[in-house]
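The structure appears below as structure tokens.
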């Protein structure tokens, strides 16, 4: 699983989908910005170690152990 880190707000995200979800506004109107942590919580994002969509239950410790076993 690749972790995405936003260059603007420096928050880390467990997936590209959750990263994309935290960006709001219009490119053409130059209003594109990152959501605040409070806005992300309201928008169904949650944070354990990294921000992720709330409906996706991610156990980062289990993922780390599994990827180390493969290597």
Exactly one of 18, 12, 4 is at pLDDT 95 or above, surrounded by 12 or more Cβ atoms within 10 Å (Cβ to Cβ) and touching a strand residue (DSSP E or B) at 6+ places or on another chain (Cβ under 7 Å), and that one is 12
Condition check: in a helix (DSSP H, G or I), surrounded by 11 or more Cβ atoms within 10 Å (Cβ to Cβ) and at pLDDT below 95. Does residue 67 satisfy that? no
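The values are calculated or read from the model by the stated rules, or taken from the named source; none is laboratory data. Keep in mind the model is a prediction, meaning the values are calculated, not measured. Ideal geometry is used to build each Cβ from the backbone, glycine not excepted, and the neighbour counts take in all protein chains shown.
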